[in-house]
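Everything on this sheet refers to the single structure shown next.
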Amino acid sequence: MVKCCRSRASPSSNYATARFENRESLEQEIVRSGCTHVLNAAGLTGRLNVDWCETQRVETVRMNVLGSLM
């Protein structure tokens, strides 16, 4: 995504390093970067899959819904 944004719209696009789980760190990074837009492409990765999300609903909602509202 960053490559696409850099080549088409904004050469100064960057990846964030903050985690959704740490709201304060996330807010500080957004302020420090001086960005005007945020593209949220976060999601749970690794051994997690749809079956895991079905049995771990609290964690899934926390990341995919609440995390986006931060």
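The values are calculated or read from the model by the stated rules, or taken from the named source; none is laboratory data. Just so it is clear, the structure is predicted and the values come from calculations on it, not from any experiment. For neighbour counting, all protein chains shown are included, and Cβ atoms are generated from backbone atoms with ideal geometry for every residue, glycine included. Accessible surface is based on the protein model in full, side chains and every heavy atom, while ligands, DNA and RNA are left aside. Shrake-Rupley method; radii C 1.70, N 1.55, O 1.52, S 1.80 Å.
THR60 contributes an accessible area of around 20 Å² to the protein surface, as traced by a 1.4 Å probe with all chains present.
The accessible-area ordering, largest first, of the residues SER25, SER33 stands as SER33, SER25, per a 1.4 angstrom probe. Counting charges near ALA18 (Lys, Arg +1; Asp, Glu -1) among other residues having Cβ under 12 Å from its Cβ returns a value of -1.
Based on the Cβ-Cβ distance from ARG57 to SER25, what FRET efficiency comes out when R0 is 22 Å, to the nearest 0.05? Rounded to the nearest 0.05, the efficiency is 0.30. Each label was represented as a point 7 Å from its Cα along the Cα-to-Cβ direction; for VAL38 and ASN14 these points are 1.5 nm apart.
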